[in-house]
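Working notes, beginning with the structure itself.
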Amino acid sequence: MTKLDAKIPEGNLAEKWTKFRSSVSLVNPANKRSLEIIVVGSGLAGASAAASLAELGYKVKVFCFQDSPRRAHSIAAQGGINAAKNYQNDGDSVYRLFYDTIKGGDYRAREANVHRLAEVSGSIIDQCVAQGVPFAREYGGLLSNRSFGGTQVQRTFYAAGQTGQQLLLGAYSALQRQVGMGNVKLYTRHEMLDVVTIDGKARGIIARDSVTGALERHFGHAVLLCTGGYGNVFYLSTNAMGSNVTAAWKAHKKGAFFANPCYTQIHPTCIPVSGDHQSKLTLMSESLRNDGRIWVPKKQNDTRKANEIAEDERDYYLERRYPAFGNLVPRDIASRAAKERCDAGYGVGASKMAVYLDYAAAIIRYGKGEANKNNMHNPSDDEIQAMGKAVVKEKYGNLFDMYKQITGEDPYEVPMRIYPAVHYTMGGLWVDYNLMTTVPGLYALGEANFSDHGANRLGASALMQGLADGYFVIPYTIGAYLASEIRTPAMSTDSEDFVAAEKAVRERLETLMNIKGNKPVDYFHKRLGKIMWDECGMARSEEGLKASIKEIQALQKEFWSDVKIPGEIDNLNPELEKAGRVADFLELGELMCIDALDRNESCGGHFRTEYQTEDGEALRDDENYAYVAAWEFAGPSKFNLHKEELKYENIKIAQRSYK
Amino acid sequence: MEGHLNLTLKIWRQKNANTAGKFETYQVSGISTDMSFLEMIDVLNNRLIQEGDDPVAFDHDCREGICGMCSMYINGRPHGPNRGVTTCQLHMRSFQDGETITVEPWRASAFPVIKDLVVNRSSFDRIIAAGGFISVNTGNAQDANNLPIAKDDADEAFAAAACIGCGACVAACKNASAMLFTSAKISQLALLPQGKAEASKRAQAMVAQMDEEGFGACSNTGACEAECPKGISLENIARMNREYFSATFSSK
């Protein structure tokens, strides 16, 4: 077994990053001009990395499968971005953000990376404001904050329910500025289909132009994968339709280890599934748990309407079970609690697989607050309602509108129905402190890597991590590698390795087109999704996982003999693109089950039914499982496990409690 | 509440940019009113695949109204009959049983058709690259709260910044003008103190790029505002004009 070297700098935790930055090798400006960097993906991590590296003088190429870099799925993040600014004077600090993140991740993240993340968090807000990101502000003109799950301070910055959109448009504008200056070359509607390695180092990619179907070879001294998460392995998730694992999976097959694939985040507040036709699920931001109260009826199988159920007949189960954090417990805990109530027969709505998220109390509270502010001494109930609804509309208006649009119900009048859905994947390509994978020159940033969130990510931390990696980490850490590459001239893409890589990609596409089976790609994707959701979702068991692995292997065979792909190979062909992605998901799904089966404990989003406390909380096994599981691809259905031991030198590892 | 619809669809089919397109007619039945419009197209496409035909190509990604990728012109209106929603958020409960629905791509010379309902909107990216940014390299920023911004200005900037770049404004405009899109970015940055330093240069460069891309002029019809899924206001165009003219008059 190889020993994974995370290359964590020596010294005190709080000084590691500062010392690293002052001692890491530099590349002088003249040399930067001849070094080429490929960035795949244009979300928060990709756009911020590409812009920042181009500003430094590197030659950058950016690839995205969408028609514009502005469409990457970071755009859909709603609630906010954390930063340890302590603007609210409520006791926040770098250490507290670090501590909350490690604890929230159920003690399965790497200390040094998380501390660095907390250290740079403040600079992200500064940078975004300087770019013109219109964060929410108070009347005095200063920035506004709100709370998110798993914390007791207000450190979340936001722009209504569209924070991801505003941050991405900020990063996109910085990127487009570099495009305009000729420092970045943009390849839209291009999908990366392989990494090219030469003498063990990443030297480029093979990309397919989706419009013409042409395969292209691109050289880079380094390749950055900023390609997001793999939640769509479940078919239904809050991810965009195009979100996929293909780039990361190709890298995995070229030698990059895949870490903690089973760590999946199931988000507690999503709009429930309405029928078989459903193509994706929609998130209702965690910020709604600031003011909304979650409940189910106290009586089983209660068929009354929500508004007919009296206060004392309601079970506010999160407030009951977790008085200290109440409705703001971390996502994994809130999701499991919802599942527990629904499984026990207390669910609501037609499917009974939903719980209520209720704004009635918040509307009255805000209405009374407004009356007080306006010196109204005896406001009528109608006035309180109207003023309260106006406040809620300002804070959450776009989310309420979205709910109404999808369900046809008005959440200002009746409680929303919500249920957990797949949202984010904490697992991803294994990276060292420098964000480099086990393939030299190949990096993974943002959700595509595994490093900062352990077994459960806290709300508003994905945006923070994506931008931290792109704006403030990779511009420094990439120097450690590129400083030794200054003598490597740009390589011809006519070399044997490039030609062979392109040939392999072409053959795979031709094989897919030539199957000419009977079933569309979606058929296989839905079946995989159901296996994953039932057996590798919110609750996992040895028996279920073992059976799933066999089922997935059988499904892989069926896919490769019976998938039907229409259209042409050399034209825009969305079904061919989807087929390639689903083929990769079928392999990843198998590895996720293998990983979940290997981890004989429960931690964060990974809940093994065999390992729980008496009151149903996740039961960790720190003695045997305080490691990162990094899997090496060793042939079809064969993966070798490598372990990175997690050392907690600055935090006392403990049973997580939000009670 | 759930019901089922039988519909006739007239959809624009075009193999690629170099071939002429035409409408094809399809029948779909048993469509749940809880489906989104794109899920209805998914149903049609899976049937076309089963029957050995090429499915309808269309742009879509987030399916929650924020990425701006979906772009269908439905019954003569960008994103269909409802105000303030994108095609992906349009649900079948907005249609009647037995209805005929016509679906076309965005029509504008600056948005050439790639295939079926898919168009090329990279002209929008080039307009942003011309000046839709504040020139601040990573690492140059001061503490965020050193620059208080009046809440009203911040809110107004946010309202302009909410543009999703879908291009419905262009598709709705009889002149295929990109004024609403361009003005939303110019407005957002002009309203903020950070954006003032290069406001003149920005307005001139973005307007010049807009013209170069072949977008038409604005004749104040207001169709763009009416059809914008994010409610971007016409006031932005007025503000852009002010910025542009003051930049032109004061330019050396």
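Just name the residue that is surrounded by the fewest Cβ atoms within 10 Å (Cβ to Cβ) out of those in the stretch A:47-67 that are assigned to a strand (DSSP E or B) and either in contact with a His (Cβ under 8 Å, 6 or more places away or on another chain) or aliphatic (A, V, I, L, M) (or both). Among those that are assigned to a strand (DSSP E or B) and either in contact with a His (Cβ under 8 Å, 6 or more places away or on another chain) or aliphatic (A, V, I, L, M) (or both), it is A:Lys61.
Restricting attention to the stretch B:66-77, report how many residues are closer than 14 Å to B:Trp12 by Cα and more than 10 Å from every other protein chain (Cβ to nearest Cβ).
5
Under the condition of being at the interface with another protein chain (Cβ under 7 Å from one of its Cβ atoms) and either buried (at least 17 other Cβ atoms within 10 Å of the Cβ) or under 18 Å from A:Ala51 (Cβ atoms) (or both), the residues counted in the stretch B:148-157 number 3.
Each row is one residue, and each column tells you yes or no for (1) closer than 19 Å to B:Lys185 by Cβ; (2) in contact with a Leu (Cβ under 9 Å, 6 or more places away or on another chain).
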| position | (1), (2) |
| --- | --- |
| A:Leu142 | no, no |
| A:Gly161 | no, yes |
| A:Gly164 | yes, yes |
| A:Gly180 | yes, no |
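Say whether the condition of being of a type in the set (A, V, I, L, M) and either part of a loop (DSSP other than H, G, I, E, B) or away from every other protein chain (no Cβ under 14 Å) (or both) is met by at least one residue in the stretch A:393-400. The answer is no, given that none of the residues of the stretch A:393-400 is of a type in the set (A, V, I, L, M) and either part of a loop (DSSP other than H, G, I, E, B) or away from every other protein chain (no Cβ under 14 Å) (or both). Condition check: among the basic types (Lys, Arg), at pLDDT below 95 and surrounded by fewer than 19 Cβ atoms within 10 Å (Cβ to Cβ). Does A:Lys352 satisfy that? Against the criterion (among the basic types (Lys, Arg), at pLDDT below 95 and surrounded by fewer than 19 Cβ atoms within 10 Å (Cβ to Cβ)), A:Lys352 qualifies. Considering only the stretch A:68-101, how many residues are more than 7 Å from every other protein chain (Cβ to nearest Cβ) and part of a loop (DSSP other than H, G, I, E, B)? Here the count works out to 15. Restricting A:Ile478, A:Ile474 to residues that are within 14 Å of chain B (Cβ to nearest Cβ), under 30 Å from A:Arg146 (Cβ atoms) and part of a helix (DSSP H, G or I) narrows the list to A:Ile474. Taken together, B:Asp54, B:Asp59 contain a single residue that is within 7 Å of chain A (Cβ to nearest Cβ) and either among the hydrophobic types (A, V, I, L, M, F, W, C) or touching a Pro at 6+ places or on another chain (Cβ under 7 Å) (or both), which is B:Asp54. Within the stretch A:133-156, if we keep just the residues that are of a type in the set (A, V, I, L, M, F, W, C), within 14 Å of chain B (Cβ to nearest Cβ) and part of a loop (DSSP other than H, G, I, E, B), the residue that is farthest from A:Leu169 (Cα to Cα) turns out to be A:Leu142. Taken over the stretch B:93-113, residues that are surrounded by 22 or more Cβ atoms within 10 Å (Cβ to Cβ) and facing chain A (nearest Cβ under 10 Å) amount to 0.
Across the stretch A:612-659, the number of residues qualifying as surrounded by fewer than 18 Cβ atoms within 10 Å (Cβ to Cβ), among the acidic types (Asp, Glu) and outside any strand (DSSP E or B) comes to 6. The set of residues from the stretch A:429-452 being within 10 Å of the chain's Cα centre (by Cα) and assigned to a strand (DSSP E or B) comprises just one member, A:Asn449. Quick one: would you say A:Gly182 is surrounded by fewer than 20 Cβ atoms within 10 Å (Cβ to Cβ) and either more than 30 Å from B:Asp152 (Cα to Cα) or within 27 Å of the chain's Cα centre (by Cα) (or both)? Yes: the conditions hold for A:Gly182. Only a single criterion out of (1) within 14 Å of chain B (Cβ to nearest Cβ); (2) assigned to a helix (DSSP H, G or I) is not satisfied by A:Gly589, namely (1). In this structure, A:Thr407 does not qualify as modelled with pLDDT of 95 or more and not acidic (Asp, Glu).
Taking the stretch A:401-425 as the range and being over 24 Å from A:Lys352 (Cβ atoms) and either assigned to a helix (DSSP H, G or I) or touching a Leu at 6+ places or on another chain (Cβ under 9 Å) (or both) as the test, only A:Asp401 passes.
Yes or no: the stretch A:601-608 includes at least one residue that is modelled with pLDDT of 95 or more, under 22 Å from A:Arg110 (Cα atoms), hydrophobic (A, V, I, L, M, F, W, C) and not in a loop (DSSP other than H, G, I, E, B). Yes: the stretch A:601-608 contains one or more residues that are modelled with pLDDT of 95 or more, under 22 Å from A:Arg110 (Cα atoms), hydrophobic (A, V, I, L, M, F, W, C) and not in a loop (DSSP other than H, G, I, E, B). Looking only at residues of the stretch A:419-462 that are more than 22 Å from A:Tyr107 (Cβ to Cβ) and polar (S, T, N, Q), we find that the one that is surrounded by the most Cβ atoms within 10 Å (Cβ to Cβ) is A:Thr437.
For the stretch B:78-85, the condition of being touching a Lys or Arg at 6+ places or on another chain (Cβ under 9 Å), in contact (Cβ under 8 Å) with a residue 12 or more places away in the chain and either part of a loop (DSSP other than H, G, I, E, B) or at the interface with another protein chain (Cβ under 10 Å from one of its Cβ atoms) (or both) holds for at least one residue.
Pairing each residue of the stretch A:517-537 that is closer than 17 Å to A:Glu575 by Cβ and in the same structural domain as A:Phe585 (by TED's automatic domain parsing) with any residue that is among the hydroxyl-bearing types (Ser, Thr, Tyr) and outside any helix (DSSP H, G or I), provided the two are 6+ apart or on different chains, yields C-beta distances under 8 Å for A:His525/A:Tyr235; A:Lys526/A:Tyr235; A:Leu528/A:Tyr235. When A:Ile549, A:Ile474, A:Ile531 are screened for being within 30 Å of B:Leu44 (Cα to Cα) and under 26 Å from the mean Cα position of the chain (by Cα), only A:Ile531 passes.
When the residues of the stretch A:535-551 are filtered to those that are touching a Cys at 6+ places or on another chain (Cβ under 7 Å) and hydrophobic (A, V, I, L, M, F, W, C), the one that is surrounded by the fewest Cβ atoms within 10 Å (Cβ to Cβ) is A:Leu545.
Tell me yes or no: at least one residue of the stretch A:102-117 is within 8 Å of chain B (Cβ to nearest Cβ), surrounded by fewer than 24 Cβ atoms within 10 Å (Cβ to Cβ) and either in contact with a Phe, Trp or Tyr (Cβ under 7 Å, 6 or more places away or on another chain) or within 30 Å of A:Glu601 (Cβ to Cβ) (or both). No; the residues of the stretch A:102-117 include none that is within 8 Å of chain B (Cβ to nearest Cβ), surrounded by fewer than 24 Cβ atoms within 10 Å (Cβ to Cβ) and either in contact with a Phe, Trp or Tyr (Cβ under 7 Å, 6 or more places away or on another chain) or within 30 Å of A:Glu601 (Cβ to Cβ) (or both). Taken over the stretch A:538-581, the criterion of being within 14 Å of another protein chain (Cβ to nearest Cβ), in a helix (DSSP H, G or I) and under 16 Å from A:Phe65 (Cα atoms) is satisfied by A:Pro574, A:Glu575, A:Leu576, A:Glu577, A:Lys578, A:Ala579, A:Arg581. Checking B:Ser135, B:Ser177 one by one, the residue that is more than 14 Å from the chain's Cα centre (by Cα), within 27 Å of B:Met210 (Cβ to Cβ) and either at pLDDT 95 or above or more than 10 Å from chain A (Cβ to nearest Cβ) (or both) is B:Ser135 and no other. Restricting the stretch A:282-321 to residues that are touching a helix residue (DSSP H, G or I) at 6+ places or on another chain (Cβ under 7 Å) and part of a loop (DSSP other than H, G, I, E, B) leaves a set whose member that is farthest from A:Ser335 (Cα to Cα) is A:Lys299.
The values are calculated or read from the model by the stated rules, or taken from the named source; none is laboratory data. Just so we're clear, the structure is a prediction, and the values are computed from it rather than from any experiment. Every residue, glycine among them, receives a Cβ derived from its backbone with ideal geometry; neighbour counts consider all protein chains shown.
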